[in-house]
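K.L.:
Take this structure, written in structure tokens, and hold onto it; I'll ask about it next.
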Amino acid sequence: MTIIESRTLEQRKRDVLARLERETDIWVASADADGLPCLVALWFAWDGECVWLSTRITNPTGRNLRDGGRTRLAFGDTQDVVLIDGDVITYAGEDVPPAAIDVFMAKTGWDPRRDSASYAFFQVRPRAVQALHGEHEMRGRHVMQDGEWAVRPLN
């Protein structure tokens with residue numbers, strides 16, 4: 001039997017931040033007022049504090065994010081799990097902060113506002129973050145709770 005060492009909280013936070021910079025797509029979970037779930041992968045950008053998403057306000061994900069004000073985000077590999085629970089603020093294309101457009105375009109190369117006026121931007125402020133590599137890392141998986149990192153800022 002191979003024993004795998006668990007990462008420290010500091011290493012888990014570093015790994016989460018690296019994925020937020022490196023990954024292109026993130027799974028976005030939302031639900032409508034009746035609880036009907038919706039799960040889609042979207043391009044995203046990380047500005048150092050929040051995740052920025054864009055999708056049409058007219059589709060289920062856009063409506064759910066706007067109306068529900070909450071989401072769970074995830075990276076796809078079940079052996080390298082990152083779950084982010086966050087509060088959502090919705091911005092119409094003309095109202096999104098310029099810095100958010102800059103970070104989104106730098107990461108994705110795409111400005112949704114040029115495709116359609118129905119695109120909105122969604123700022124997701126993390127409230128809780130979990131990170132684990134398999135069952136042996138279940139303990140200590142909460143690297144953020146109540147909007148606060150479990151470890152001090154990294155240098």
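K.L.:
Using Cα atoms only, what is the angle between the long axis of helix 98-108 and the major principal axis of the chain, expressed in degrees (0 to 90) to the nearest 10?
P.N.:
70 degrees
K.L.:
Could you order Cys50, Cys38 by accessible surface area, starting with the largest, using a probe radius of 1.4 Å? Let's see the in-between values first.
P.N.:
Values: Cys50 0, Cys38 30 Å².
Putting Cys50, Cys38 in descending order of accessible area: Cys38, Cys50.
K.L.:
Right, another one. How large are Rg and Dmax for segment 73-116 when calculated on the C-alpha trace, in angstrom?
P.N.:
Over segment 73-116's Cα set, Rg and Dmax evaluate to 13.8, 39 Å.
K.L.:
List the extent of the Cα atoms of segment 42-109 along each of their three principal axes, largest first, rounded to whole Å.
P.N.:
Principal-axis extents of segment 42-109 (Cα, largest first): 39, 27, 19 Å.
K.L.:
Summing +1 for each Lys or Arg and -1 for each Asp or Glu, what net charge is found among the other residues whose Cβ lies under 11 Å from the Cβ of Arg125? Mind showing how you got there, number by number?
P.N.:
Numbers: positive: Arg70, Arg127; negative: Asp47, Glu49, Asp85, Asp87.
My count for the surroundings of Arg125 gives -2.
K.L.:
How high is the relative contact order of the chain, given as a whole-number percent (alpha carbon pairs under 8 Å, six or more residues apart)?
P.N.:
Relative contact order here is 26 percent.
K.L.:
To continue, here is another question. Using the heavy atoms of the protein chains alone and a 1.4 angstrom probe, what is the accessible area of the chain per residue in square angstrom?
P.N.:
Computed with neighbouring chains in place, this is 58 Å² per residue.
K.L.:
Taking the highest mean first, how do the peptides 81-94, 127-140 order by number of other beta carbon atoms within 10 angstrom per residue?
P.N.:
81-94, 127-140
K.L.:
Right, something else. How are the Cα pair distances of segment 1-48 distributed, in percent, across 10 Å bins from 0?
P.N.:
In whole percents, the pair-distance histogram is 21, 29, 29, 18, 2.
K.L.:
Taking Rh as the Kirkwood radius computed over C-alpha pairs, what is the Stokes-Einstein D of segment 106-155 at 37 °C in a medium of viscosity 0.692 mPa s, expressed in µm² per second?
P.N.:
Answer from the Stokes-Einstein relation: 231 µm²/s.
K.L.:
Another question, if that's okay. Any idea what diffusion coefficient the chain gets from Stokes-Einstein, in µm²/s, Kirkwood Rh on alpha carbon pairs, 4 °C, 1.567 mPa s?
P.N.:
80 µm²/s
The values are calculated or read from the model by the stated rules, or taken from the named source; none is laboratory data. What you are looking at is a predicted structure, and each value in this text was computed from that prediction instead of being measured. Neighbour counts run over all protein chains shown; Cβ positions are idealised from the backbone, glycine included. Surface accessibility is based on the protein's heavy atoms, side chains included, excluding ligands, DNA and RNA. Shrake-Rupley method; radii C 1.70, N 1.55, O 1.52, S 1.80 Å.
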